[in-house]
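Supplied in structure tokens, the structure appears directly below.
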Amino acid sequence: MAIIISFIFLFLGAMVLSVRHASLIFWTALFLLASLIVLLSSGTGSGFSILFFIFAAITSALGLCSIESIRKSYIVKPIFKAISKIIPPVSETEKEALESGTVGWDAELFSGNPDYEKLRAISPIRLTDEEQAFLEGPTETLCKMIDDWQIRACNREIPENIWSYIKEHGFLGMLISKEHGGLGFSAQAQSLILGKVASRSPDVSVIIMVPNSLGPGELIEKYGTPEQVEQYLPRLAKGQEVPCFGLTGPTSGSDAATMRDIGTVCEEEFEGQKTLGIKLSWDKRYITLGPKATLLGLAFYLFDPDKLIGDEEEIGITLALIPADHKGVNIGNRHLPNGCAFPNGPNSGTDVFIPLSWVIGGQERVGEGWKMLMSCLAAGRAISLPASSTAAAKAMLRFTTAYGRIRNQFGIPINNMEGVEEPLSRLVETAYVLEAARAMTASMVQGGEKPAVISALLKYQSTEWARRAVNDAMDIHGGRGICDGPSNYLQAAYQSIPVAITVEGANILTRTLITFAQGSLRSHPYLYKEIQAVQVENKEQGLEEFEPLLWGHVKYSLANIFGSLFHNLTLGAFAHAPHRAGNSTKWYRALSRASRNFALLSDLTVALLGGSLKMKQKLSGRMADALSELYFLSAILKRYEDDGQITDDLVYLEFAAQNTLYRFYKSLDSVLLNYPSPMVAAVLRRIIFPLGNHHKQAKDRLGKAIVKKTINEPTMRDRLTNHIFVSNDENDPTGILEVTLAEVVELAPLSKKLEKAIKQGDIRRYHGMDWFEAAVKAEIITDNEAARLRRLEELTNKVIAVDQFHPDEIQGIKLPSMQGAHGGDLSGAHSADQSERQSPLNHSSAKPEANEYK
């Protein structure tokens, strides 16, 4: 009994001390008391003796560790030396990537003990009156002007009236401050504006997105010289300059730092004077806006072999601004990325001389290009693609719930079929979760953060979730979705999603190499600081910095081990939840428990693998997935609170939260199943899953509940799909859905009456028959009711109709047989009048001219 008591005492004491991050003296006291319990017990035998000596030895060791000289000489210094040999040097490029951006909520998740007051401190969605007016005014007008079919299929080009309207109303300068002629909009406003335009046309959204994301505008405002700011920012804000940025090349795709583009410092004659400058040679591709750009931002490696500007020959990655019409600049032909119409193409130059003053930031910023890029990317990647992906998911939900209610099969709306209900529930969940994550992340950026790790995980997750949403929408629409034409409202998203998945760091790379690998260093409370201390040149100084970090790390690890075991044994019943959490308290507790498990596994994984983590990309990807689910759960809890903890919304929270935790623990289980050390994996599994993994997906009844609520409650459907473009023009491909849906709902009782008569054989419904007139004659409905049902039939036929073309119209673009990689005629093969003549919708008549809205 004494042995059992001593172990219980030791376990409970260790749990308290670890959670409290207690100092060594308290751990010494704990084992001393445990030793005394064994010593003072009346038990005899070798077991008691061995246990006493073990506890006494640990007590003595801990006591000796409390003596600074012994601790430093026999524990800290050997560990310091061992880690110095194991940890590979952090390259300057890696260091700049790690130190770019900021850490915020991601650090709380890595801590294992998230502070929910920090989550609540993130601002909810707030727009100024000016931003709201812009969203409801010029943005709405722009969406009405867009003819997606003409842009992406007929012409494969953004028309000039769209370009003019965008420039005139300042869309290209949303990021630029008012001081320099821009709109100076917040990150939240930029996100919502980009999303609304993307819900209408991904192509048009892209031409707005690029100047407001990673591009010359932001780089000039943050790092440019006063002359560059004055010369370019007002022109960029007004659209007098169209920018692009050249980073990616044929040999440097996702690994952009391996670019071969080179600049050499030299002196040459420029504009009649001998000028200190750079001779550039580059070859870039996939450059969005490149074919239309007037101002080219360029990244290249700079060398100074004659040491004209300093003592270093190899200066590093540098950024410059080059007018597109500058001598030697070659703006190439166009790429055709998955059939999308936004301008994208290569550019190059050989021995192009530019003055040194064209370097962004001037001479003092040479060699700082990668740091500048990473800093801007950390914020820009958090806005653009999450905005368009979220808008795509919401649009798919809105279109599909309308179509599913209008379209009948087997005598019922297809929305009511269980087989359709399953993908519909995924669409609802995707719209709810992505909007929560989008809004929260945009608010972080708006608050001054540059969330490098969060932006990476949100980029890859939001685009993947959007791809699933588009596929679900296509599946439910069936043949209506796959037949392209002017009336097809799914194809634009279907074409553009693979592009979003590829750009700004391909998802495979972002998931398996960046998110967890950088997060485990950047967001960990001790790890990166320990590595920095180990790599300090002055080893004595490094040792002094290392010691407190080491003991802090030990306490952190103990807290994770005992905290995880305790919360997993008690199913999170005692895990932390914030005050006033209401009926979401259990989900906060679940998040705290999950965060502790993630902190434990990530900490030991990095400690075990060290530098070889880069090679364990499957494991790293699964850990990135787990971190993503923690972030999503945080976001939906925040959304639920920000929305006012509406009781009707609880079912959405529960469905999403259950699925989030299911995916989280599935990722952890997969990590442990494939862990590089089976022995460590076995121990971790006993801690993380002491009672087994009992987390399941949300039950079908919850899925049914959220689908029914979304379909049957128009206000809920509006809330889930807010901030996207919604048309009510029946000549518009999406407007016809809204008009018809309203009629279907209003005339549902009449439609049921007519269907009943048809099933009973009172009237017959076949081509060539007027069953409405027959129903009137049979006194089933009145003349007025027949007219309304006839009108509904006409609307429904438009909704379910698909486009058709003369064979000559769909021969496609003509490319020379051997010039696919070099260029070709990219003009569309379809003329506008031909396509519209064959379309079930003559929706071009609903498109206003730009000057109507000036």
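The values are calculated or read from the model by the stated rules, or taken from the named source; none is laboratory data. Computed from a prediction, not measured in an experiment: that's the story for all the values here. Here the Cβ positions follow ideal geometry from the backbone for every residue, glycine too, while neighbour counts run over all protein chains shown. Heads up: the accessible areas ignore ligands, DNA and RNA and are worked out on the full protein's heavy atoms, side chains in. Shrake-Rupley method; radii C 1.70, N 1.55, O 1.52, S 1.80 Å.
Counting residues that are more than 24 Å from Gly448 (Cα to Cα), which helices (runs of 4 or more DSSP H) fully inside the stretch 151-253 reach at least 2?
160-168, 187-200, 202-209, 226-237
Of the residues Thr740, Thr715, which is in contact (Cβ under 8 Å) with a residue 24 or more places away in the chain and not charged (D, E, K, R)?
Result of the check over Thr740, Thr715: Thr740.
Could you name every one of the helices (runs of 4 or more DSSP H) located completely within the stretch 689-746 that has at least 1 residues being modelled with pLDDT of 95 or more and closer than 15 Å to Glu429 by Cβ?
700-712, 714-720
Of the conditions (1) open to solvent by 10 Å² or more (accessible area, probe 1.4 Å); (2) closer than 30 Å to Glu794 by Cα; (3) among the β-branched types (Val, Ile, Thr), Ile383 satisfies every one except a single condition; which number is it?
(2)
I would also like to ask the following. Report whether or not Glu267 is open to solvent by 60 Å² or more (accessible area, probe 1.4 Å) and either outside any loop (DSSP other than H, G, I, E, B) or at positive phi (or both).
Answer is yes for this residue.
Among (1) closer than 25 Å to Glu364 by Cβ; (2) of a type outside the set (Ser, Thr, Tyr); (3) outside any helix (DSSP H, G or I); (4) open to solvent by 20 Å² or more (accessible area, probe 1.4 Å), where does Arg260 come up short?
Evaluating Arg260 over (1) closer than 25 Å to Glu364 by Cβ; (2) of a type outside the set (Ser, Thr, Tyr); (3) outside any helix (DSSP H, G or I); (4) open to solvent by 20 Å² or more (accessible area, probe 1.4 Å) leaves (1) as the failure.
Okay, moving on. Count, please, the residues in the stretch 402-436 that happen to be in a helix (DSSP H, G or I) and open to solvent by 50 Å² or more (accessible area, probe 1.4 Å).
Residues in the stretch 402-436 being in a helix (DSSP H, G or I) and open to solvent by 50 Å² or more (accessible area, probe 1.4 Å): 6 in total.
Output the residues belonging to the stretch 785-810 that are in contact with a helix residue (DSSP H, G or I) (Cβ under 9 Å, 6 or more places away or on another chain) and either of a type in the set (Ser, Thr, Tyr) or farther than 16 Å from Gly485 by Cα (or both).
If the condition is that a residue be in contact with a helix residue (DSSP H, G or I) (Cβ under 9 Å, 6 or more places away or on another chain) and either of a type in the set (Ser, Thr, Tyr) or farther than 16 Å from Gly485 by Cα (or both), then Glu785, Ala786, Ala787, Arg788, Leu789, Arg790, Arg791, Leu792, Glu793, Leu795, Thr796 are the ones that fit.
Does Asn333 satisfy the condition of being under 22 Å from Glu218 (Cβ atoms) and outside any helix (DSSP H, G or I)?
Criteria not met by Asn333.
Return yes when Ala559 is surrounded by 15 or more Cβ atoms within 10 Å (Cβ to Cβ) and in a loop (DSSP other than H, G, I, E, B) and no when it is not.
no
In addition: For the stretch 513-530, does any single residue satisfy the condition of being open to solvent by less than 10 Å² (accessible area, probe 1.4 Å), closer than 18 Å to Ala153 by Cβ and among the hydrophobic types (A, V, I, L, M, F, W, C)?
no
Can you name the residue in the stretch 221-247 that is touching a Gly at 6+ places or on another chain (Cβ under 9 Å), modelled with pLDDT of 95 or more and of a type in the set (A, V, I, L, M) and is also surrounded by the fewest Cβ atoms within 10 Å (Cβ to Cβ) among such residues?
Once the filter is applied, the top-ranked residue is Leu233.
Looking only at residues that are open to solvent by 10 Å² or more (accessible area, probe 1.4 Å) and among the hydroxyl-bearing types (Ser, Thr, Tyr) in the stretch 140-166, which one is nearest to Asn728 (Cα to Cα)?
Result: Thr141.
One residue is enough: does the stretch 475-485 have a residue meeting the conditions part of a loop (DSSP other than H, G, I, E, B), open to solvent by less than 10 Å² (accessible area, probe 1.4 Å) and either touching a Cys at 6+ places or on another chain (Cβ under 8 Å) or within 30 Å of Asn344 (Cβ to Cβ) (or both)?
Scanning the stretch 475-485 turns up at least one residue that is part of a loop (DSSP other than H, G, I, E, B), open to solvent by less than 10 Å² (accessible area, probe 1.4 Å) and either touching a Cys at 6+ places or on another chain (Cβ under 8 Å) or within 30 Å of Asn344 (Cβ to Cβ) (or both).
If you check Gly621, Gly611, which single one turns out to be of a type outside the set (A, V, I, L, M) and modelled with pLDDT under 95?
Gly611
State yes or no: is Leu609 surrounded by fewer than 23 Cβ atoms within 10 Å (Cβ to Cβ), out of contact with any helix residue (DSSP H, G or I) (no Cβ under 7 Å at 6 or more places or on another chain) and touching a residue at least 24 places away in the same chain (Cβ under 8 Å)?
When the stated conditions are applied, Leu609 passes them.
Just to be sure, is Ser348 small (Gly, Ala, Ser), farther than 24 Å from Glu221 by Cα and either part of a loop (DSSP other than H, G, I, E, B) or more than 30 Å from the chain's Cα centre (by Cα) (or both)?
Taking the combined requirement at face value, the residue satisfies it.
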